[in-house]
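S.K.: Got a structure for you, written out below as structure tokens; questions coming shortly.
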């Protein structure tokens, strides 16, 4: 099983210029990021309220169990602020 930190370390070795430039980085998503990420999604105006609620559930499930089943969540942080994120599951 691959840990989130080893995924991030591997990504850094492959493309460090994409991960850390001018206080910007892509890093594993932490449980404390969830409220901000939900706010970011809501602020786009693209998602319905039920989809925002579902995002919260997806992030909760990710942190509680799904990260151990190959799911990944990464956050783009710039100058200490969460600017975006991606969630995906690796093929089995």
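The values are calculated or read from the model by the stated rules, or taken from the named source; none is laboratory data. Quick caveat: nothing in here was measured; it's all calculated off a predicted structure. FYI the Cβ positions are ideal-geometry reconstructions off the backbone, even for glycines, and counts take in every protein chain you see.
S.K.: Just to be sure I understand, how many residues within the stretch 52-75 are in contact with a helix residue (DSSP H, G or I) (Cβ under 6 Å, 6 or more places away or on another chain) and under 23 Å from residue 92 (Cβ atoms)?
M.R.: Selection size over the stretch 52-75: 4.
S.K.: Within the stretch 64-73, track down each residue that is surrounded by 15 or more Cβ atoms within 10 Å (Cβ to Cβ), touching a residue at least 24 places away in the same chain (Cβ under 8 Å) and in a helix (DSSP H, G or I). Full working, then the answer.
M.R.: Here is the first cut: in the stretch 64-73, the ones surrounded by 15 or more Cβ atoms within 10 Å (Cβ to Cβ) are 66-67, 71-73.
Okay, now just the ones that are also touching a residue at least 24 places away in the same chain (Cβ under 8 Å), so 67, 72-73.
67, the sole residue that qualifies.
S.K.: Taking the options 85, 47, name whichever one is assigned to a strand (DSSP E or B) and touching a helix residue (DSSP H, G or I) at 6+ places or on another chain (Cβ under 7 Å). Give the derivation first.
M.R.: Details: 47 fails: assigned to a strand (DSSP E or B).
Residue meeting the stated conditions: 85.
S.K.: Just give me the residues in the stretch 22-50 being surrounded by 12 or more Cβ atoms within 10 Å (Cβ to Cβ) and more than 13 Å from the chain's Cα centre (by Cα), in sequence order.
M.R.: The answer is 24, 42, 47.
S.K.: Then there is this: Looking at (1) under 23 Å from residue 91 (Cα atoms); (2) at pLDDT 95 or above, which one does residue 49 not meet, given that it meets all the others?
M.R.: Going through the list (1) under 23 Å from residue 91 (Cα atoms); (2) at pLDDT 95 or above, residue 49 breaks only (1).
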